[in-house]
Protein chains: 2
Amino acid sequence: MDLFVSKYFNKIDKKGRISLPSSFRNALPKTNRNEIILYKSIKSSSIEGCGVGRLKEIAKRINNLDFFSEDYDDFSTSIFSEIITTNVDKEGRFLIPEELKLYAGIKTEAAFFGQGHFFQIWEPKQGLKNTEDSRRRLLKEKKSLRMMLTQQK
Amino acid sequence: MDLFVSKYFNKIDKKGRISLPSSFRNALPKTNRNEIILYKSIKSSSIEGCGVGRLKEIAKRINNLDFFSEDYDDFSTSIFSEIITTNVDKEGRFLIPEELKLYAGIKTEAAFFGQGHFFQIWEPKQGLKNTEDSRRRLLKEKKSLRMMLTQQK
DNA sequence: TGGGATTATTTGGGCGTCAATGGGTATATG
DNA sequence: CATATACCCATTGACGCCCAAATAATCCCA
């Protein structure tokens, strides 16, 4: 499965290492599975991550915004300049930079949430609350979520 | 037959394994019959499942949403982080995650209900009650059911 | 068409492998 | 030289794989 799916709760050890869930490792391109990128989410107090290949896709997204708009600069700056690359060790662990941990309020444990082509890292409680909130918002529009899940091609 | 049809009642063993009904296994695409996805039903306290192929469809659809919108995050979170992928072993068994078992009230036995392009997993009694209820609702509209079944194109 | 034989499916359990975690030590980097 | 990080090895528990028994479904022939 080449998508980031499900949620996982892992611990940060004394050295600051945390395991990237095995299924997430497998979702990374086979060519480069020991390097990921991390950045602050612009929409929530979470960290977003993905394989380095995804960078091009992000660039494309931003490029689709109006070049002369304020948004363009803002997204461009807050995403690209903040991106951090991290190495995943032989056991599948990596270090979350202090700044990002602070941003997300993460201390000894972190929750990984699959988001398809990328994933989010949350302080566990906040992450759970966020999924509840999302779901609540969507259930108000039950029809649209059902369509998303059950529609046939 | 590549559709999930009829109903089956299987047991969960000490290790938490349960057999995916043989006919359901055969309804999965021949290319990937050892991995399925599970998620909480939006409409009922049951688990819904299907092959991973559908997940890729869903991913595509979400990907077409405006990346910077709130909807994007809501869908992405509610779907990708709530969906669970499970492996089906050589004997056709798989594990139902604890969280989903709780959601559906399943303990030692589960009922599988074919729903065409997907299937539902119920606590047996609740599942039976649900089919009765929905049949009863349908019969109240006998006329429309007859039309549905007998109308020719 | 009944009923035993054959095959398929479900269920049970042993055991090896892998993922998550912990910690020692070498190596790099400033 | 001190701190940070990568590599190596070990432990634990969960899960996948294998083999086998029990149950259900199907077949086939008298």
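Taking a label point 7 Å out from Cα toward Cβ, give me the nm distances from residue B:1 to the same spot in the other copies, shortest first, one decimal.
Nearest to farthest, the other copies are at 2.7 nm.
Rounded, prolate or oblate: which fits segment A:86-153, taking a ≥ b ≥ c as square roots of the Cα gyration tensor eigenvalues, rounded meaning a/c under 1.5, else prolate when a/b beats b/c?
Judged from the Cα gyration tensor, segment A:86-153 comes out oblate (a/c at least 1.5, b/c at or above a/b).
Can you give the relative contact order of segment B:7-123 as a percent, counting alpha carbon pairs under 8 Å and 6+ residues apart?
39 percent
Note down the net charge around residue B:39, summing +1 for each Lys or Arg and -1 for each Asp or Glu among other residues with Cβ under 13 Å from its Cβ.
+3
Classify chain A from the C-alpha gyration tensor, please: rounded if a/c falls under 1.5, else prolate or oblate depending on whether a/b exceeds b/c.
Since a/c stays below 1.5, the shape of chain A is classed as rounded.
Would you kindly work out, in nm and rounded to one decimal, the distances from the label point of residue A:133 to those of the same position in each other copy, ordered shortest first, with label points 7 Å along Cα-to-Cβ?
3.1
Can you give the alpha-carbon Rg of segment A:1-56 over 2.2 N^0.38 Å, where N counts its residues?
1.19
Per-residue Cβ counts within 10 Å, from other chains only, averaged over A:130-137: what number is that?
Mean partner shielding for this stretch: 5.
Give the average, rounded to an integer, of partner chain Cβ atoms located within 10 angstrom of each Cβ in B:78-91.
6
Dipole of the protein assembly as shown, Cα-centred, from +1 at each Lys and Arg C-beta and -1 at each Asp and Glu C-beta, to the nearest 20 debye?
Dipole magnitude for the protein assembly as shown comes out near 1920 debye.
Roughly how much of residue A:33 is accessible, in Å² to the nearest 10, using a 1.4 Å probe?
Accessible area, nearest 10 Å²: 90 Å².
Of B:72, B:39, B:103, which has the largest mean-square fluctuation in a 10 Å C-alpha GNM of chain B?
Sorting by GNM fluctuation, first place goes to B:72.
Using only helices, what value at 222 nm comes out for chain A when you add -39,500 (n - 2.57) per DSSP H run of length 4 or more and divide by the total residues, to the nearest 500 deg cm²/dmol?
Value at 222 nm, helices only: -11500 deg cm²/dmol.
The values are calculated or read from the model by the stated rules, or taken from the named source; none is laboratory data. Worth saying up front: this structure is predicted, and the values here are computed from it rather than measured. Quick reminder, even Gly has a Cβ in these numbers, built from the backbone with ideal geometry, and neighbours come from all protein chains shown. Quick note on the areas: whole protein, heavy atoms, side chains included, nothing else; ligands and nucleic acids left out. Shrake-Rupley method; radii C 1.70, N 1.55, O 1.52, S 1.80 Å.
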